[in-house]
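Accompanying notes for the structure given below.
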Amino acid sequence: MKRREFLKTSSLTGAAALSLRSGRESFAQQAQREYYELRTYEMPTGNRKNVLNDYLSKAALPAWNRLGIKPVGVFNVVSGSNALMLYVLIPYPDLETFQSAPAKLAADSEYQKTAAEYLSTSIDNPAYTRYESWLLQAFKNVPRLRIPAETSEKKPRIFELRIYESHSETAALKKIEMFNEGGEIVLFDRVGLRSVFFGQMLIGPRQPNLVYMTVHQDMAAREKVWEVFRNDSGWKKLSAEPAFANTVSATTVIFLRPTAYSQV
């Protein structure tokens, strides 16, 4: 079986399994959900950071956009992670686009021209130290990335990336159910806790886990809205449900600020 056919078959098989569990999601609904590649680049110190940022802003993002991969978010670390890390959020409409993107970039003459400096870096003068890549599937209740209102107006904003690890696959699926069927996403929206995306980790570290991102005007606004959420009667009732007890065993919180060229 060809790799492309395997990816497509694997996706449909996973969709069937999730549909059977919930009894709510059709194949059509499954197909509408985006896939997210979350890359974390470890940048070198000094002015070599410019090579990576120039590559992303002038070559990679325009080329990804030409392939229908947009909006792409690029974020610097405020706290919670190594300050040399650069986070890149790449949304794919489907697995076919994810699988075919590298070959299409290699055949894109405009990309090859604008990315020349980045692509030709030497071993003693690299554009980055290493990068890791995670593959996530969007939750069915938030199948598409939500662009903050501040983005188009270039207003200041801070992003909160949260990673919820679970002690078993069953617990991880139950936490996703808590967001979808349990109504936690609805609670977020009602109290003004603005989400950018929710994703189930398919490939990446420390599984099983889920990853989601929220956006705030600043840290003061962040503290205020989380306080409202924690004190909300709906959250108190939902968090007390025995069915959702002990679904998260570890939490990582990372605060990020978008680069000037970020599309999110």
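Just so it is clear, none of the values below were taken in a lab; they were calculated from the coordinates. A quick note: this is a predicted structure, and the numbers were derived from the prediction, not measured. Using ideal geometry, Cβ is built from the backbone for each residue, glycine included, and neighbour counts are taken over all protein chains shown.
Computed from backbone phi, the HN-Hα couplings of region 197-210 come to 7, 10, x, 8, 5, 9, 9, x, x, 6, 7, x, 7, 10 Hz, rounded to whole numbers (Karplus: 6.51 cos²θ - 1.76 cosθ + 1.60, θ = phi - 60°; Gly and Pro given as x). Its DSSP H runs of at least 4 residues, each contributing -39,500 (n - 2.57), put the calculated 222 nm mean residue ellipticity of the chain at -11000 deg cm²/dmol, to the nearest 500. The slack between Leu202 and Asp232, meaning 0.36 nm per residue of separation minus the straight C-alpha distance, is 7.6 nm. In order along region 254-264, phi translates into HN-Hα couplings of 10, 9, 10, 10, x, 6, 5, 9, 4, 9, 10 Hz, rounded to whole numbers, per the Karplus curve 6.51 cos²θ - 1.76 cosθ + 1.60 with θ = phi - 60° and x for Gly and Pro.
Put a dot 7 Å past the Cα of Leu119, heading toward its Cβ, do the same for Glu132, and the two dots end up 2.9 nm apart.
When the P(r) of region 109-264 is calculated, the portion above 24 Å amounts to 44% of the C-alpha pairs. Whole-Hz Karplus values for region 64-70 come out as 4, 4, 5, 8, x, 9, 6 Hz, taken residue by residue from phi with 6.51 cos²θ - 1.76 cosθ + 1.60 and θ = phi - 60°; glycine and proline positions read x.
Taking Lys and Arg as +1 and Asp and Glu as -1, the other residues whose beta-carbon sits under 9 Å from that of Val253 total 0.
Relative to its residue count, region 110-201 spans a Cα convex hull of 180 Å³ per residue. Using Cβ point charges alone (K and R +1, D and E -1), the dipole size of the chain about the Cα centre works out to roughly 220 debye. Computed on the Cα atoms alone, the convex hull of the chain gives a volume of 142 cubic angstrom per residue. For Val78 and Ala243, what does the FRET efficiency come to when R0 = 25 Å and r is the distance between their Cβ atoms, rounded to the nearest 0.05? Computed FRET efficiency for Val78 and Ala243: 0.10.
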